[in-house]
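Working notes, beginning with the structure itself.
The values are calculated or read from the model by the stated rules, or taken from the named source; none is laboratory data. None of these values were measured; they are calculated from a predicted model. Here the Cβ is made from the backbone with ideal geometry for all residues, glycine too, and neighbour counts use every protein chain on show.
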Amino acid sequence: MLRTTKALHHCAFLPHSHRLASNHSQIFRHYAASKGRVDVGRLLIERGANINAKDGAHQHPLHRAATTNSSGFINLLLHPPEELKLPKTRLNTPDRIGNTPLHLAMESGHGDAAILLIEAGADRTRTNQDGEEPEEMQGIGGVGQKRLRDYIVERCGPR
């Protein structure tokens, strides 16, 4: 952790035109998404980090942000600063087991993250390797999962 903190501290002092090495950039980008560190994510994006890079599990930073319900980071990835002219964030890219960011938000019980993704155009009918659509994920299970599904339908309408 100390090593990551020191490296992130040094990133803040990189010249604006400097592009981060891809292996370091990937570690920081996914760390920032997992921890909801919008400030670090913004810095990395401004320094040229690829918002669609995959980690070892074939997850993008958007997968990580959806799993941790980081609405601020999800918004940053969906709406990066226009002056940077970045490619669009890939909403429906599956990870190694076929889960999209929406699958992971639903599985983790994060309704607000799921709504942000759906409103941005995430595919509610895409299946993972187990043949499950995002809203069919068992996730937190029981009454909590049913409430989550009802919340999604109430806010976004039926599939």
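Could you count how many residues in the range 83-110 are surrounded by 14 or more Cβ atoms within 10 Å (Cβ to Cβ) and either among the β-branched types (Val, Ile, Thr) or closer than 21 Å to Gly141 by Cα (or both)? Total satisfying the criteria: 15. Selection over the range 69-82 of residues that are assigned to a helix (DSSP H, G or I) and surrounded by fewer than 22 Cβ atoms within 10 Å (Cβ to Cβ) gives a count of 5.
Considering the range 45-68, and only residues there that are hydrophobic (A, V, I, L, M, F, W, C) and part of a loop (DSSP other than H, G, I, E, B), the residue that is nearest to the chain's Cα centre (by Cα) turns out to be Ile51.
Of everything in the range 101-133, what is touching a residue at least 24 places away in the same chain (Cβ under 8 Å) and among the small types (Gly, Ala, Ser)? Give them in sequence order. Correct list: Ala105, Ser108, Gly109, Gly111, Ala113, Ala114, Ala120, Gly121, Ala122. What number of residues within the range 127-159 are loosely packed, with under 14 Cβ neighbours inside 10 Å, assigned to a loop (DSSP other than H, G, I, E, B) and either β-branched (Val, Ile, Thr) or modelled with pLDDT of 95 or more (or both)? So the answer is 4.
Of the listed requirements (1) touching a Ser or Thr at 6+ places or on another chain (Cβ under 8 Å); (2) closer than 19 Å to Asn50 by Cα; (3) surrounded by 19 or more Cβ atoms within 10 Å (Cβ to Cβ); (4) of a type outside the set (Ser, Thr, Tyr), Ala113 misses just one: (2).
Here is a list: Arg42, Arg90, Arg29. Which entry is at pLDDT below 95 and either part of a loop (DSSP other than H, G, I, E, B) or within 9 Å of the chain's Cα centre (by Cα) (or both)? Just a single option satisfies the conditions, and that option is Arg90.
Being farther than 19 Å from Pro87 by Cα, assigned to a helix (DSSP H, G or I) and modelled with pLDDT under 85: is that true of His10 here? Judged against the criteria, His10 is a match. Here Gly121 meets each of (1) in contact with a helix residue (DSSP H, G or I) (Cβ under 9 Å, 6 or more places away or on another chain); (2) within 20 Å of Leu78 (Cα to Cα) with one exception, condition (1). The residue pairs whose first member lies in the range 87-100 and is among the charged types (D, E, K, R), whose second member is part of a loop (DSSP other than H, G, I, E, B), and whose beta carbons are closer than 7 Å, counting only pairs six or more residues apart or on different chains, are Arg90/Asn52; Arg90/His60; Asp95/Ala57; Asp95/His58; Asp95/Gln59; Arg96/Ala57; Arg96/His58. Of the candidates Asp55, Asp130, the single residue that is of a type in the set (Asp, Glu) and within 15 Å of Ala33 (Cβ to Cβ) is Asp55.
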